[in-house]
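Written below as structure tokens is the structure these notes are about.
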Amino acid sequence: MVKPLFLFGTLRDPQLLDLVAGEPVVQEPAVLHGWRIAGVDQAVYPVLVRSDGDQAQGAVIRVSQKALDRLVHYEDAFGYDIEEIEVVTDAGPEQALVFQPIKGGPAPHGDWALSDWQASSGARSRFAAQELMSYMGRFSGGALQFRRAQAEARAHSRVEAGQMPRPQVGTDIPASEVQVKSQQADHAGYFVTETIQLRHPTFQGGLSEEITREVFVAAEAVILLPYDPVRDRILLVEQFRMGPWRRGATYPWMLEPVAGRVDPGETPESTARRESVEEAGLTLRGLERIGSGYPTPGYSTEYFHVFLGLCDLPDGIEGHHGEEDEHEDIRTHVLDWAQAEDLLSRGEADNMPLVLALVWLSRERSRLRATA
């Protein structure tokens, strides 16, 4: 017989719980004495902390072995395992299971409330859970935990896409009109590729024939071109790139703006400021939005937020940068405006975010220099 399970955090959300368990679950109020529920620094989920005189308010659930196996898989993505504790329900003390970190655990930080989490992160976490549960029987332990961060980033992007305003010129047929016949993740690593069979509404009315498409599923990213309007200089990063190399480029190192993925909970602006430090050692004093959009909408969900970053680029600022745990090997180049224009004219600026940013800067450069 499966022992009851004590929930104190995000799984108390009924929608998330039913999604993960794979069956409707009833929650009974329960209390864990001598503990409190704390937040976690730079995370949306909570952790239990020993605290004499306190009590952690939660719920007890009674589920099938199949549902428990699903819950264990989900918590494995966070590095949690099951322990046994004593909780108090309306019927009195009872032995129950609880999920706790396997080793050490994240550092507690402040308080945590389910209602705050539901408002700020609930939708994103439910989308991420759908992806994580699709990996059951396929990935576990470190392999599953490695995929969680990107699953959450993709979920963040999906929530943002769902807030798109109604188009004023283009077609306003909603995505709900698309009929999906099958959807399979063929590859799930740092990125995900899916094969999807679907029918979509046509401009002539009715539905298209069933079509099969492969889709590259990625999170949102920020592209940032650092610019010093006083010295009239830009900064570019250079690094090895898989795309040019796989295409067969003779020289697969690429000059690019600063770029990086938008982490869950970040705004594009905060990502731009973080990446400018990580990739170029720069502190920005201002941001100008160039635009946002899909670079390759025919086969990818990837979505770019493109900015110009106002900063100081004095002599001697070039160097080597990058995050070691992300295997980044980056060096920076500072170019005056004439050199930047030469990149465009001779085709060495051969990635479209850089081309877009340089063309935009050529239009706005006089304004930026006049107000510097």
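The values are calculated or read from the model by the stated rules, or taken from the named source; none is laboratory data. Predicted model only: the values in this text are computed from it and were never measured. Every residue, glycine among them, receives a Cβ derived from its backbone with ideal geometry; neighbour counts consider all protein chains shown. Note: areas computed on protein heavy atoms with side chains; ligands, DNA, RNA excluded. Shrake-Rupley method; radii C 1.70, N 1.55, O 1.52, S 1.80 Å.
Observations on the structure shown:
- Placing a label point 7 Å from the Cα of Y190 along the Cα-to-Cβ line, the residues of the range 227-243 whose backbone N sits under 13 Å from it are 240-243.
- Length released on extending from D52 to Q163, taking residue separation times 0.36 nm less the Cα-Cα span: 35.5 nm
- By the combined test of axial Cα extent (at least 20 Å) and Kyte-Doolittle hydropathy (mean at least -1.0), the qualifying DSSP H helices of the chain come to 114-134, 141-161, 352-370.
- Here the contact order of the chain, divided by its residue count and restricted to Cα pairs under 8 Å and six or more residues apart, works out to 12 percent.
- For the chain, modelled as a GNM whose springs connect Cα atoms under 10 angstrom apart, the maximal fluctuation among T195, T171, T212 occurs at T171.
- Taking G316, G281, G265 as the candidate residues, the one with maximal mean-square fluctuation in a Gaussian network model of the chain, Cα springs under 10 Å, is G316.
- Restriction of the chymotrypsin sites (Phe, Trp or Tyr not before Pro) in the range 193-266 to DSSP coil positions whose beta-carbon has at most 12 other beta-carbons within 10 angstrom yields F203.
- FRET efficiency for Y251 and V355, using Cβ-Cβ distance with R0 set to 22 Å, rounded to 0.05: 0.80
- Near-label residues of the range 215-245 by backbone N, under 19 Å of a point 7 Å along Cα→Cβ of E348: 225-228, 232-241, 244-245
- Karplus-based coupling profile of the range 221-231, in residue order and whole Hz: 9, 10, 10, 10, 9, x, 9, 9, x, 6, 8, with θ = phi - 60° in 6.51 cos²θ - 1.76 cosθ + 1.60 and x standing for Gly or Pro.
- Taking the 1.4 Å solvent-accessible surface of the range 21-146 as the whole, the part contributed by carbon and sulfur is 49%.
- The phi torsions of the range 22-34, fed into the Karplus equation with coefficients 6.51, -1.76 and 1.60 and a -60° offset, translate into couplings of x, 7, x, 10, 9, 9, 10, x, 8, 10, 10, 7, x Hz, rounded to whole numbers, with Gly and Pro shown as x.
- Residues whose placed amide H lies under 5 Å from that of M136, excluding near-sequence neighbours: none
- Computed from label points 7 Å out along Cα-Cβ, the spacing between T267 and Q130 is 2.8 nm.
- Annotation for the range 287-372: chymotrypsin sites (Phe, Trp or Tyr not before Pro) lying in DSSP loop with at most 11 further Cβ atoms inside 10 Å of their Cβ are Y299.
- Simple point charges give the picture: +1 on the Cβ of Lys and Arg, -1 on the Cβ of Asp and Glu, and for the range 97-178 a dipole about the Cα centre of about 340 debye.
- Using a Gaussian network model of the chain in which every pair of alpha carbons under 10 angstrom is joined by a spring, one finds that among R247, R147, R273 the greatest mean-square fluctuation is at R247.
- Residues of the chain: accessible area per residue with a 1.4 Å probe, Å²: 54
- The modelled label-to-label distance for the pair A143/E214, using points 7 Å beyond Cα in the direction of Cβ, is 2.1 nm.
- Across the range 1-129, the mean sequence separation of Cα contacts (distance under 8 Å, 6 or more residues apart), normalised by length, yields a relative contact order of 33 percent.
- Extreme residue, positive dipole direction of the chain, given options V98, V60, Q130 (C-beta unit charges): Q130
- Cα-centre dipole for the chain with unit charges at Cβ (Lys and Arg positive, Asp and Glu negative), debye to 20: 800
- Option label - mean projected area of the Cα convex hull in nm² computed here, alternatives (i) 24.0; (ii) 17.7; (iii) 57.8: (i)
- The protection proxy used here, the mean number of other Cβ atoms lying within 10 Å of each residue, ranks peptides 24-34, 361-371 as follows, highest first: 24-34, 361-371.
- Rounded to the nearest 20 debye, dipole of the range 188-347 from Cβ charges on Lys, Arg, Asp, Glu: 540
- At R0 = 45 Å, FRET efficiency that the Cβ-Cβ distance of D172 and E86 yields, to 0.05: 0.20
- Spatially proximal lysines relative to K103 (Cα-Cα < 24 Å; intrachain offsets below 8 disregarded): K3
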